[in-house]
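For reference, the structure discussed in these notes is given below.
The values are calculated or read from the model by the stated rules, or taken from the named source; none is laboratory data. These numbers come from a predicted model, not from an experiment. Here the Cβ is made from the backbone with ideal geometry for all residues, glycine too, and neighbour counts use every protein chain on show. Side chains included, ligands, DNA and RNA excluded: accessible areas come from the protein's heavy atoms. Shrake-Rupley method; radii C 1.70, N 1.55, O 1.52, S 1.80 Å.
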Amino acid sequence: MDPKLFDLTGKTAIVTGASRGIGEATARLLASFGAHVIVSSRKQDACEAVVAGIRADGGVASAIAAHIGDTGAIDALFQKIADRGFAPDILVNNAAANPYFGPMLDMGMDAFDKTVEVNIRGYFYATQKAAQSMRARGGGAIVNVASVNGRRAAPMQGVYSMTKAAILSMTEGWAKELGGHGIRVNAVLPGLTDTKFASALTTNEQILKGFLRQVPLARVAQPDEIAPMIAFLCTPAASYITGASFAVDGGYLS
């Protein structure tokens, strides 16, 4: 196998929501492939902690905090990257919001707006900013972290599921428009993963047992089991893949 298929040396990769969970695991893996990783999440100190770990392992990384629900913060993120002399070759849209767990019938509009602002508008605007830069330089790779909920809406998570379905459609739309510029856009659909973000599900024994009955592998994923698919789609090994969605879910959608 050609080792260059997974070589990201000289590439700059932005990973949002990278202070923990799937984002952190992805940032660490991309760095191990040689990329300079921009670790981004809402809190600068949390980003710095991940960067310190990457550097301790011999990787290259920088910490730039940004709230993906705020378009101004996204503008600032890309400006700070440019000010440091870098431009994105890879964008992993991973930051997500799910502030409400309960019936849609009782959901407040503040929670609705927050979910949409991060999960749809944030992904769209970050992709737009990255793709404008990638187009000028001849190409790039974008990976959207969606969810199995985008294919199979989950009870008590109706709006979150809706936004993840929108990400799948957005992925296909961007892929069609950006392919001519050498920019690939794909999506990864994690199943239930052992993260702080999913703790409302993984720590509820009744919910967890019910969910795992639908998973052929009969267990929850670890973040470092989701990251390899995301990283693969960023590499030259995936050079003819765009507009596709890949479930990493232990067989849940099968």
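Observations on the structure shown:
- 5 Å binning of all Cα-Cα separations within the stretch 152-214, expressed as whole percents from 0 upward: 3, 15, 20, 20, 14, 11, 8, 6, 3, 1
- Per residue value of the accessible surface for the stretch 1-137 (all protein chains in place, 1.4 Å probe), Å²: 46 Å²
- Semi-axis lengths, largest first, of the ellipsoid equivalent to the stretch 118-159 are 29, 11, 5 Å, with √(5λ) applied to each eigenvalue of the Cα gyration tensor.
- Building the convex hull from the alpha-carbon atoms of the stretch 194-254 and averaging its projection over directions returns 5.0 nm².
- For ALA131, the shell of other residues with beta-carbons less than 14 Å away shows a net charge of +3, using +1 for Lys and Arg and -1 for Asp and Glu.
- The value obtained for the stretch 1-160, namely the Cα convex hull volume divided by the number of residues, is 126 Å³ per residue.
- Between the stretch 220-234 and the stretch 1-25, the alpha-carbon center distance in angstrom: 10 Å
- Residue-averaged [θ]222 nm for the chain, counting only DSSP H segments that reach four residues, each worth -39500 (n - 2.57): -13000 deg cm²/dmol
- Total lysine pairs in the chain at Cα distances under 27 Å, for residues eight or more apart or on different chains: 21.
- Helix axis angle, 158-178 relative to the chain longest principal axis, alpha carbon, degrees: 30 degrees
- For the chain, the longest principal axis of the Cα atoms and the long axis of helix 71-83 meet at an angle of about 30 degrees.
- The value of relative contact order for the chain, using C-alpha pairs under 8 Å at least six residues apart, is 20 percent.
- Degrees between helix 44-56 axis and first principal axis of the chain (Cα, 0 to 90, nearest 10): 60 degrees
- Loop trypsin sites (Lys or Arg not before Pro), the stretch 1-74 (other Cβ atoms within 10 Å of the site Cβ: 12 or fewer; DSSP): LYS43
- For the pair the stretch 111-132 / the stretch 73-110, the C-alpha centres are spaced 6 Å from each other.
- For ALA237, neighbours were defined as the other residues whose beta-carbon sits under 13 Å from its Cβ, and their charges (Lys and Arg +1, Asp and Glu -1) total 0.
- Two-decimal Rg to Rh for the stretch 82-227 - Kirkwood Rh, Cα set: 1.02
- All Cα-Cα distances of the stretch 130-179, cut into 5 Å bins from zero to the largest, leave 5, 20, 24, 16, 13, 11, 7, 3, 1 percent in each bin in turn.
- Distance between the pseudo-spin-label points of ALA237 and ARG20 (7 Å out from Cα toward the beta carbon): 2.9 nm.
- Extended-chain gain in nm, criterion 0.36 nm per residue less alpha-carbon gap, GLU172 and ALA49: 40.9 nm
- Gyration tensor over the Cα atoms of the stretch 147-254: the corresponding equivalent ellipsoid has semi-axes (square roots of 5 times the eigenvalues, largest first) of 28, 16, 11 Å.
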